[in-house]
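Have a look at the structure below, then the notes.
The values are calculated or read from the model by the stated rules, or taken from the named source; none is laboratory data. Because the structure is predicted, anything quoted here is derived from the model rather than measured. No Cβ is skipped: glycine too gets one built from the backbone with ideal geometry, and neighbour counts run over all protein chains shown.
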């Protein structure tokens, strides 16, 4: 990120303790940004803050919250909004592929809770401080895995009898990218812009633990975490992303949302409306328009 001076900018980042999130945190801190690190493990998140303080003194902060726990997310959002009347970027990076079905404290499938509903709620709570700057942006780390599945609304959460971790993850990532577009339709771009990003296939702890066969087969061509985080960081730092909203990026270029006719056919206005309505209700974000 040579050439960028982010001194004075405040960036909220979820999932900062390893992989893409840690790489992004180091790069943003190195450019002078002040980071608000949201992690569910206090010790690990505090260790990242200490590491970043060694990169540049910028007064980085730690907020402990599990993005799959709505009470945690609401408390985190309210704390950050009270402390920061203006924010420059919110980066949704937290996420994992779970091989077995788990349930969140609110009774939802955990992947959907932590990667779709929790981020939706946090975005809604931070819209005002993000809109207080002329360059507010919300960036969501998605995945190319979304290309394998269509848009789901009524069956976004997989039942235990049919559960497959990779499919549930793909459904969550597809929902993220669609909601990114829908946020862009609802929020004036002069206030906040929204972008989603595909990191390419990167060698992260998540890939190593959840997709060992994939990693073994593709290891020689996998990107480093820093390479995978590059576009996410660029979206947070550069002026170019402020000229558009609602796009899906890879290698600093906008990409199509569908590569298969079968998934394109699921992306209807009616299904999008049902998705927004369901996520808004699940997030208890009653202050947002339907």
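At a glance:
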read-out	value
Residue match in the stretch 96-119 (condition: under 19 Å from residue 195 (Cβ atoms), under 18 Å from the mean Cα position of the chain (by Cα) and outside any helix (DSSP H, G or I))	no
Every residue from the stretch 1-32 that is within 19 Å of residue 122 (Cβ to Cβ) and at pLDDT below 95	none
Those residues of the stretch 196-211 which are at pLDDT 70 or above and assigned to a strand (DSSP E or B), in sequence order	196, 197
Count of the stretch 25-35 residues which are crowded, with 24+ Cβ neighbours inside 10 Å and under 14 Å from residue 80 (Cβ atoms)	1
Test: residue 22 is outside any loop (DSSP other than H, G, I, E, B) and either crowded, with 22+ Cβ neighbours inside 10 Å or out of contact with any helix residue (DSSP H, G or I) (no Cβ under 8 Å at 6 or more places or on another chain) (or both)	yes
For residue 31: the one exception among (1) in contact with a strand residue (DSSP E or B) (Cβ under 8 Å, 6 or more places away or on another chain); (2) in contact (Cβ under 8 Å) with a residue 60 or more places away in the chain	(1)
Criterion: assigned to a loop (DSSP other than H, G, I, E, B), within 20 Å of the chain's Cα centre (by Cα), under 18 Å from residue 28 (Cβ atoms) and in contact (Cβ under 8 Å) with a residue 12 or more places away in the chain - qualifying residue of 49, 86	86
The listed residue being within 17 Å of residue 144 (Cα to Cα) and either buried (at least 16 other Cβ atoms within 10 Å of the Cβ) or in contact (Cβ under 8 Å) with a residue 60 or more places away in the chain (or both), out of 288, 260, 235, 275	260
Filter result for the condition that a residue is surrounded by fewer than 19 Cβ atoms within 10 Å (Cβ to Cβ), under 18 Å from residue 281 (Cα atoms) and touching a residue at least 24 places away in the same chain (Cβ under 8 Å), over 71, 113, 81	71
Qualifying positions in the stretch 228-256 - in contact with a helix residue (DSSP H, G or I) (Cβ under 6 Å, 6 or more places away or on another chain) and either part of a helix (DSSP H, G or I) or closer than 16 Å to residue 178 by Cα (or both)	228, 229, 232, 233, 235, 241, 245, 246, 248, 249
Residues (over 28 Å from residue 71 (Cα atoms) and in contact with a helix residue (DSSP H, G or I) (Cβ under 7 Å, 6 or more places away or on another chain)) located in the stretch 29-40	29, 31
Verdict on residue 76 being touching a helix residue (DSSP H, G or I) at 6+ places or on another chain (Cβ under 8 Å), crowded, with 16+ Cβ neighbours inside 10 Å, under 27 Å from residue 193 (Cβ atoms) and modelled with pLDDT under 95	no
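Residue by residue, here is whether (1) buried (at least 23 other Cβ atoms within 10 Å of the Cβ); (2) in a helix (DSSP H, G or I) holds:
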{"site": "123", "(1), (2)": "yes, yes"}
{"site": "133", "(1), (2)": "no, no"}
{"site": "147", "(1), (2)": "no, yes"}
{"site": "153", "(1), (2)": "no, no"}
{"site": "171", "(1), (2)": "yes, yes"}
{"site": "174", "(1), (2)": "yes, yes"}
{"site": "180", "(1), (2)": "yes, yes"}
{"site": "194", "(1), (2)": "yes, no"}
